[in-house]
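Engineer: Structure in structure tokens, see below.
Here, each number is a calculation from the coordinates, and none is a lab measurement. A quick note: this is a predicted structure, and the numbers were derived from the prediction, not measured. Please note: Cβ atoms are built from the backbone with ideal geometry, for glycine as well, and neighbour counts cover all protein chains shown.
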Amino acid sequence: MTSVALEARDRWAMGVEARALVVLTGALTVFGLSFLYSASAIVAMQGDHPSWHFVSRQAMGVAVGIVAFALAAKFDAEKLQRWAWPLMLLTMALMLVTVLPFTRSIAPSLNGSRRFILGASLQPSELGKLAVVLWTAMLVVKKGDRLRRLTKGLLPFLLVVGALDLIAVLQPDLSVAMMFTLTMGIILFAAGARIGHFVVLGIIAIPLLWSQLLKLQYALQRVMSFLGPEESTAVANYQLRQSLIAVGSGGLIGQGFGQGRQQFGFVPLGYNDFIASTVGEEWGFLGMVVLVALFAGYAWLGMRIARQARSAFLQLVAIGLTITTVITAFLHIGVVIGLLPTTGLTLPFVSYGRSNLLLSFVMTGILVNIGSRRERVVGSAATNPLSAAA
């Protein structure tokens, strides 16, 4: 009897949490495109563009993002450990391009800052969020017990991420510098770094940060408008006041989809930095609750994936990716409803911006891979992507 060689292949099988994360990401993406149209249609027409101008550009970003998501979900995330240093160095190089005086031709000033390369096509600081997560997780695993020592443990993290923060401040972009530091700190805390070191370093850093804040008038005005809105200038407080008007006018159930008034240009960058104000105006308090619930679900699924990760490195990466997406979202919402000073952070999957959108898809794809397991499929099932493992 002739034996027949059975075809076999390896594949990634998503766990329950990973499948749920895919569904939730799809919901956020659809949610984002619909509200982007509502928030940007009037602005687009005022700029002599069709009403779907921003949505069509964002949809192209979604298409590219889905491809990137699929590739990230099928790529073994454990191999990212060897790419941590190259990605960090690439990020630093690209961010330096945005601040050097002789690169203004490819990194022009937009709205008073230099954060983009090639017009508004690429924002290197978005890549930096992924770089900080991978690099910090890699070095934590490499250091092991030495992490609890200040000079040989914590200091290298502060020097490298501090250098990244410095470049971000030069752009200037204090919001992303804050995110870099916060992400690093949470990963180090999750890895068991000593709390006392953070306290001492925080005491040292506060006066230095304040001195830098005084040099950046736009940031100082934002802080003062938050601490004392009645004394702040009309320009510094205008965006927040219009956002509060939008959210407040939404009431419990909102004005109805597409019926908001603040997107007529009253809220500057209402389709980007303040897009959640459109959600509050058109869907009201219940819409904001749904938005918070979606990102809370993202956090819950991400942390469950981290808990079941295949290695210590992947566990820290999952924590870092989850908090990067979720904290960015909650900071955005906090700004829109007046709980936090204006930061300029976008709402992942919802705000206009293809660099952030692509990064969000890639980070979620990596999370899905961490929440998957490798299995071998044998026989006729090897060519059937819907079949179970033999």
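Engineer: Full extension from Ser109 to Arg146: what is 0.36 nm times the residue separation minus their Cα-Cα distance, to one decimal in nm?
Structural biologist: In short, 9.1 nm is gained.
Engineer: Extending each Cα 7 Å along its Cβ direction at Phe257 and Phe102, get the distance between those two points in nm, one decimal.
Structural biologist: 5.3
Engineer: Moving on to the next point. Indicate the gyration tensor shape class of the stretch 11-383 (rounded, prolate or oblate), computed on the Cα atoms with a ≥ b ≥ c the square roots of the eigenvalues: a/c under 1.5 is rounded; otherwise a/b larger than b/c is prolate and the rest oblate.
Structural biologist: Oblate is the answer for the stretch 11-383, as a/c is 1.5 or above yet b/c matches or exceeds a/b.
Engineer: Taking 0.36 nm per intervening residue step and subtracting the Cα-Cα distance, what contour gain separates Tyr238 from Phe189 on full extension?
Structural biologist: Roughly 13.9 nm would be gained on extension.
Engineer: Amide H of Ser372: which non-local residues (sequence gap of 5 or more, or other chain) have their own amide H closer than 5 Å, using H built in the peptide plane?
Structural biologist: The answer is Gly15.
Engineer: Can you tell me the FRET efficiency between Arg19 and Arg82 if r is taken as the Cβ-Cβ distance and R0 is 35 Å, rounded to the nearest 0.05?
Structural biologist: 0.80
Engineer: Next up: Can you compute 3J(HN,Hα) from phi for each residue in the stretch 85-94, using the Karplus curve 6.51 cos²θ - 1.76 cosθ + 1.60 with θ = phi - 60°, rounded to whole Hz and x for Gly and Pro?
Structural biologist: Per-residue couplings from phi come out as 5, x, 5, 5, 5, 5, 4, 4, 5, 5 Hz.
Engineer: Quick check on the stretch 19-168: take the gyration tensor over C-alpha atoms, sort the square-rooted eigenvalues as a ≥ b ≥ c, and tell me if it's rounded (a/c under 1.5), prolate or oblate.
Structural biologist: oblate
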